[in-house]
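The values are calculated or read from the model by the stated rules, or taken from the named source; none is laboratory data. Just so it is clear, the model here is predicted, and its values are computed rather than measured. Reconstructed Cβ throughout: ideal geometry from the backbone, glycine too, with neighbour counts over all protein chains shown. Surface areas here come from the heavy atoms of the whole protein model, side chains and all, with no ligands, DNA or RNA. Shrake-Rupley method; radii C 1.70, N 1.55, O 1.52, S 1.80 Å.
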Amino acid sequence: MLYEQRRGNVYVLRPQGRLDSVAAEEFRGEIDLRLKSGAADIVVDLENIDYISSAGLRVLLVSAKSLNAKSGTLSLCALNDHVREVFEVSGFVTIFSIFDSVDEACDAAPKE
Amino acid sequence: MARRPRNIVYDVNDKLPTSLLVGMGVQHCLTMSSTLVLAVILVGIVGGTSAEAHNLVRLSMIAAGIGTILQSLNRGPVGSGYLCPNLIGPAFMPASLLAVSAGGMSVLHGMVLLTGLFQAVLSRFVHKLRTLLPPEVTGVIVAMVGMSLVPVGVSNLVGLGGVDDVSEPAEVVLGVATLAIMFALTVWGRGSLRLYSVLIGVAAGYALQAVLGLRTDLEGLDWSELPLFAPPTPHLPTELRFDMAIAIPFLIAGLASLVKAIGDLSTAQKINDDSWVSPDMTSIRRGVLADALAVVSAGLIGGMAQSTSSSNVGVSLATGVTSRRVGFSAGTIFIACAFFPAVSTIFVVIGDPVKGAVLIFAACFMIVTGLQLVMTRLLDARKIFVVGAAIVAGLSVDMLPGVYSNVPAALGAIATSSFSFATVVAIVLNLIFRIGISNRAVLVLRWGDNPPEAVAAFMHEQGGAWGARVDVVRRATGALVEFVDVAAPIDRADGQIRINARFDGLYLDLYLLYGGAPIELPEVPPAPERAALDEATLRALSGYLIRTAASEVETTKRGDLNMIHLRFVH
């Protein structure tokens with residue numbers, strides 16, 4: 001299940017539950033749809049994500065590369081302690097822009 | 001290694017400047033004095049004089065001071081090393097009334113001595129109580145201690161404490177104003193203002209009390225006749241008497257007080273360490289012995305039975321000063337004040353509304369700290385009923401005062417104390433609900449299962465049944481999800497994945513048996529960017545995440561199957 005919100009030119013996507021290989025591929029499809037509809041800046045709100053596997057990390061990385069290729073940005077926010085630990089242990093914390101809240105992430109997104 | 005919480009200014013090992021040490025000591029003495037009125041009430045009920053009440057108060061102050069000092073000791077067989085002062089134990093009040101009615105003060109002091117010796121013996125076996133008192137039980141006990149302060153705290157706040165049964169508007173103003181000052185200083189105060197929030201609040205309360213001309217609990221005492229220095233008159237040990245007919249109420253109160261001490265000492269440990277996960281039972285055992293010796297000393301010199309003070313632990317958390325040296329200071333000051341009648345009287349003439357403000361202030365912290373302790377564990381239906389039923393039982397005592405009026409006198413100590421009743425219910429239900437819980441569980445994954453969903457549900461169910469720590473269960477679940485999702489999905493494991501889980505309170509062990517080729521668990525992570533490029537790198541990352549999630553990892557073969565043993569320290 002995926003919740004979506006628009007804040008100006010920023011798409012805020014809020015996946016739920018786990019970002020494992022199955023959920024991550026579905027999520028990848030959702031990102032692709034937004035890209036095709038012209039989204040340039042996406043904030044992924046991970047507040048409701050309990051667990052993320054390496055497959056989930058890869059999908060986020062691939063999505064970020066796709067957006068960067070079109071001069072867009074993908075940032076993350078509201079990681080719980082366990083998810084943040086996975087990002088730190090894997091080294092992915094240095095690849096993404098990570099914020100504490102949706103507001104902070106949207107404020108940091110490039111303005112139109 | 002202990003991690004100092006951000007809100008702690010001076011932690012348990014810190015030294016303080018002398019002026020601060022004395023100030024903190026006085027602040028804690030004021031909080032310790034909150035139950036001195038029980039001595040006044042007890043003597044009043046049996047028709048004693050104000051001078052006798054005052055003497056009992058002073059002897060109880062000495063016992064409390066001794067207990068507070070012993071509790072702060074950090075070496076040797078006695079003392080937890082934490083700031084956890086003593087005061088007159090409210091849990092002993094029903095039994096104390098029985099004793100005084102049965103045979104006067106001699107019987108009271110004899111039974112108090114006996115109870116202290118009973119607690120001292122029990123203290124040797126405290127480490128075996130870990131199963132009996134898991135964190136969700138100690139947490140609800142700590143919360144219940146805070147809740148049990150509500151009736152007496154609110155009554156006092158509005159001027160209905162002690163022998164007073166009329167609430168005057170001026171008393172309500174006094175109580176609310178004192179409480180508001182303490183809240184404001186704790187929330188917005190910086191530096192000394194926050195450190196001395198209780199002391200300043202009480203001082204303001206004293207001043208306002210005088211301005212409003214409100215009454216005190218020692219109306220019959222002539223201040224001008226009080227000598228400057230005079231030791232209290234102890235009860236000679238040769239005058240002690242024992243009445244075994246009332247032993248049970250005292251032993252039950254002693255047991256309840258011991259359990260409360262475990263809760264208070266666990267809280268004292270937790271507030272000093274952000275990385276706290278479970279009680280240090282060695283320190284608690286020594287602390288329970290210190291508490292027992294406080295009760296013994298009370299019996300020997302003629303004071304009232306003592307218990308650890310949840311209010312004082314709450315004050316130390318609120319002010320951010322938890323240094324054990326404050327215990328030495330407070331204990332010494334309290335003992336010294338007992339020898340100066342006019343000074344010790346100050347602790348007793350503290351107005352009910354001011355007393356109520358201190359109790360409510362401390363209750364806030366105890367209730368929330370206890371609930372936080374409960375929520376460190378996954379709660380299944382069993383645990384929910386243990387916690388919920390204990391709270392219901394405890395609250396029923398205070399909300400329906402007459403409902404237990406017909407219980408046998410021997411059980412009066414339980415049925416008339418919300419804290420004691422909740423404690424007994426929590427311990428008994430916890431024992432009963434352990435029936436049917438095995439410390440082992442197995443999950444077998446098959447073709448067609450949704451492995452990540454299955455392992456997450458499995459760990460949630462078992463974690464709840466075992467009352468395991470939320471963070472440990474989450475880490476173990478993350479490792480399992482990683483294992484079944486990426487490292488060894490069921491198609492690569494030849495359709496064979498079996499997970500054996502074992503939990504003994506100290507460790508959570510997962511044994512992952514799977515077919516197919518053994519997976520790698522690298523000790524170094526691959527470069528993150530490469531994870532986007534190929535499957536092999538992704539699986540290496542997966543193996544690394546599994547290895548780092550656990551405290552210990554071991555790989556081996558079991559027959560045709562590969563086995564990974566993941567151990568999580570609980």
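Observations, loosely collected:
- With K and R counted +1 and D and E -1, the other residues having a Cβ less than 13 Å from that of B:SER309 yield a net charge of -1.
- Helical contribution to [θ] at 222 nm, DSSP H n ≥ 4, -39,500 (n - 2.57), averaged over chain B, rounded to 500: -18500 deg cm²/dmol
- Quotient of Cα Rg and 2.2 N^0.38 Å for chain B, N being how many residues it contains: 1.12
- Measuring r between the beta carbons of A:LYS36 and B:ARG530 and using R0 = 30 Å, the FRET efficiency lands at 0.65.
- Heavy-atom accessible surface of segment B:148-212: percent carbon and sulfur, 1.4 Å: 75 percent
- If you take all other residues with their beta carbon under 9 Å from the beta carbon of B:PRO451, and give Lys and Arg +1 and Asp and Glu -1, the sum is -4.
- Computing FRET efficiency as 1/(1 + (r/R0)^6) for B:HIS460 and B:THR238, where r is the C-beta to C-beta distance and R0 is 56 Å, gives about 0.35.
- Only Cα pairs under 8 Å and 6+ residues apart enter the sum, and on that basis the relative contact order of chain A stands at 27 percent.
- Solvent exposure of the protein assembly as shown amounts to 40 Å² per residue of accessible area, where only protein heavy atoms count and the probe is 1.4 Å.
- Pairwise centroid distance, computed over Cα atoms, of segment B:254-274 with segment B:375-443, Å: 18 Å
- Computed over chain B, relative contact order equals 23 percent, with contacts defined as Cα pairs under 8 Å that lie 6+ residues apart.
- Förster radius 22 Å - calculated FRET efficiency between B:GLU225 and B:ALA336, Cβ distance, rounded to 0.05: 0.55
- On Cα atoms only, tilt of B:281-301 relative to the major axis of chain B in degrees: 10 degrees
- Look at the Cα gyration tensor of segment B:355-480: its axes a ≥ b ≥ c give a/c of at least 1.5 with a/b over b/c, and that counts as prolate.
- Based on C-alpha pairs under 8 angstrom that are at least 6 apart in sequence, segment B:426-554 has a relative contact order of 25 percent.
- Once exposed loop GluC sites (Glu not before Pro) are cut out (DSSP; at most 16 other Cβ, 10 Å), longest piece of chain B: B:220-519
- Label point at B:ILE248 placed 7 Å out along Cα→Cβ; residues across segment B:422-440 whose backbone nitrogen lies under 17 Å: B:424-425
- Euclidean distance of C-alpha centroids, segment B:154-205 and segment B:302-368, integer Å: 14 Å
- Expected 222 nm ellipticity per residue - DSSP helices of 4 or more, -39500 (n - 2.57), all of chain A, to 500: -13500 deg cm²/dmol
- Modelled spin-label separation between B:GLU453 and B:VAL150, with each label point placed 7 Å from Cα along the Cα-to-Cβ direction: 4.2 nm.
- Dipole axis of chain A (+1 Lys, Arg; -1 Asp, Glu on Cβ), positive-most option in A:ALA55, A:ALA39, A:PRO15: A:ALA39
- Longest stretch of chain B clear of exposed loop sites (chymotrypsin sites (Phe, Trp or Tyr not before Pro), DSSP loop, at most 14 other Cβ atoms within 10 Å, sites excluded): B:230-446.
- Here the simple spin-label model places points 7 Å from the Cα toward Cβ, and for A:VAL89 and B:LEU117 these points are separated by 5.5 nm.
- Solvent-accessible area, 1.4 Å probe, carbon plus sulfur percent, for segment B:47-128: 68 percent
- Occluded residues from segment B:484-517, i.e. those whose accessible area drops by 40 Å² or more once the chain is not alone (1.4 Å probe): B:ASP485
- A straight Cα-to-Cα reach below 19 Å connects B:LYS270 with the lysines B:LYS260, residues fewer than 8 places away in its own chain not being considered.
- Here, the protein assembly as shown has an Rg and a Dmax of 29.9, 94 Å when only alpha carbons are counted.
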